């Protein structure tokens, strides 16, 4: 229970001011942490890809670009030899990108990458020599993405 004194209430102004300033600073930091570090619309995708993905040998399929809406972007390769491959993918701009791999028209794998600049890797087994297709999509557009499918070492 609070009691009321007969004199005026005198809060400790510096403590309250510092507390309010600290809370405001925390809110500003939290808001800026949610904003995208990459301007997707103005991104130089080839330059970004050069630093975002490691170099690899034995690449059979690769792509990089901008997803500006929810439409999937599809890339094909003909006559990919059967074997074990590594799908390395990355994206930036916020949200998540999804990668669906098909071989000969049959879905064989799905993978995703958080769009925070980190790299994800998935092991993919191509069962028979033939065409391979990778579809890239996101519900979190806009974002930039890059991937390569390379023979596993």
Legend entry - Total residues in segment 77-99, condition on the phi < 0 side of the Ramachandran plot and within 22 Å of the chain's Cα centre (by Cα): 12
Inset, instruction - For segment 126-152, enumerate the residues that are part of a loop (DSSP other than H, G, I, E, B) and touching a residue at least 60 places away in the same chain (Cβ under 8 Å). - result: 138, 139, 141, 142, 152
Legend entry - strands (runs of 3 or more DSSP E) wholly inside segment 32-125 containing at least 1 residues that are loosely packed, with under 12 Cβ neighbours inside 10 Å and either in contact with a strand residue (DSSP E or B) (Cβ under 7 Å, 6 or more places away or on another chain) or without any contact (Cβ under 8 Å) to a residue 40 or more places away in the chain (or both): 73-80, 83-103
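FYI, it's all coordinate maths here, none of it is from the lab. Since we're looking at a predicted model, the values are computed, not measured. A quick note on method: Cβ atoms are made from the backbone with ideal geometry, for glycine too, and the neighbour counts reach across all protein chains shown.
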